[in-house]
Amino acid sequence: MFDWAYAWEILPDLLRGFMVTVQVTLLGMLLALILGLVWAVLIRSRRLVRLPVFWFVQFIRSTPLLVQIFFLFFVLPDFGLVMSPLVAGVLALGLHYSTYTAEVYRAGIEGVPRGQWEAARALNLSRRHTWRAIILPQALPPVIPALGNYLIAMFKDTPMLAAITVLELLQTAKLTGSEHFRYLEPLTLAGVLFLIVSLIASRFIYRLEAHFGRG
């Protein structure tokens, strides 16, 4: 039977793990959004830049996230680059998902009519000004739903960081259950927290899409 008294007792510990999960997700998504845009722009650059970036993105996208997490945390120290579990986790999530957000950005950029590029050249606008003032404002709103989906997917992938000892929500639930030899309550609460946040995030993304759609 579900013990509500025990559930309330362990809830503060789970909430601390939950805050770590949220922190990792937000930082990782911020990194993914920035790097994804960088990859998308570089892939449209000259061949000398485009090809290395393209193959790097393909390599990251084609290898498992867990392998990348292990590589950053266990292999890079052999080369003198030591990171805390939290930093390695954020970097792994951000780098991995940046390759997917890059594809989303690419679709949005290619959706901008070609005449917009031609008009910018006719007005003698710099390439930077063209991207900032003309292309990106038109390319980003349509891809908000896809970017939002990757945010939720990253949130649900954070339990992988338990492999490098990050005390996120699920790892905290597992440790709490092992301490008291009761797993029903901590794992149920962890699942409920994941569900609530995912539903709230989905609703927020829907509202964001509707807002920019009206704009």
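What follows draws every value from the coordinates through simple rules; no lab data is involved. Computed from a predicted structure; not experimentally measured. As a convention, Cβ positions derive from the backbone with ideal geometry for all residues, glycine included, and neighbour counts pool all protein chains shown.
Just the residues that are assigned to a helix (DSSP H, G or I) and surrounded by fewer than 16 Cβ atoms within 10 Å (Cβ to Cβ), please, taken from the stretch 77-116.
If we filter the stretch 77-116 for residues that are assigned to a helix (DSSP H, G or I), which is where we start, we get 77-79, 85-110, 114-116.
Within the stretch 77-116, Pro77, Asp78, Phe79, Val87, Ala107, Glu110, Arg114, Gly115, Gln116 qualify.
Among the residues that make up the stretch 135-146, is at least one of them touching a residue at least 60 places away in the same chain (Cβ under 8 Å), closer than 30 Å to Phe74 by Cα and surrounded by 18 or more Cβ atoms within 10 Å (Cβ to Cβ)?
Scanning the stretch 135-146, I find no residue that is touching a residue at least 60 places away in the same chain (Cβ under 8 Å), closer than 30 Å to Phe74 by Cα and surrounded by 18 or more Cβ atoms within 10 Å (Cβ to Cβ), so the answer is no.
In the stretch 27-72, which residues are small (Gly, Ala, Ser) and surrounded by 13 or more Cβ atoms within 10 Å (Cβ to Cβ)?
Step one: filter the stretch 27-72 for residues small (Gly, Ala, Ser), giving 28, 32, 36, 40, 45, 62.
Matches in the stretch 27-72: Gly28, Ala32, Gly36, Ala40.
Condition check ((1) touching a strand residue (DSSP E or B) at 6+ places or on another chain (Cβ under 7 Å); (2) part of a helix (DSSP H, G or I); (3) closer than 23 Å to Arg182 by Cβ) across all residues:
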| position | (1), (2), (3) |
| --- | --- |
| Trp8 | no, yes, yes |
| Leu11 | no, yes, yes |
| Leu26 | no, yes, no |
| Pro52 | no, yes, no |
| Ile60 | no, yes, no |
| Thr63 | no, no, no |
| Val67 | no, yes, no |
| Phe70 | no, yes, no |
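Kindly establish whether Leu30 is part of a helix (DSSP H, G or I) and within 13 Å of the chain's Cα centre (by Cα). Steps first, please.
On the way: part of a helix (DSSP H, G or I): yes; within 13 Å of the chain's Cα centre (by Cα): yes.
Yes.
Which one is farthest from the chain's Cα centre (by Cα), of the residues in the stretch 91-127 that are closer than 26 Å to Trp55 by Cβ and of a type in the set (Lys, Arg)?
Step by step, filter the stretch 91-127, then rank; the result is Arg127.
Scan the stretch 159-176 and give yes if some residue there is without any contact (Cβ under 8 Å) to a residue 12 or more places away in the chain and either in a helix (DSSP H, G or I) or over 17 Å from the mean Cα position of the chain (by Cα) (or both), otherwise no.
Start the filter on the stretch 159-176 by keeping residues that are without any contact (Cβ under 8 Å) to a residue 12 or more places away in the chain, which leaves 175.
So of that shortlist, the ones also either in a helix (DSSP H, G or I) or over 17 Å from the mean Cα position of the chain (by Cα) (or both) come out as 175.
Yes, that holds for at least one residue.
What's the total number of residues in the stretch 155-186 that are hydroxyl-bearing (Ser, Thr, Tyr), closer than 25 Å to Ala92 by Cβ and surrounded by fewer than 18 Cβ atoms within 10 Å (Cβ to Cβ)?
Final tally of qualifying residues: 1.
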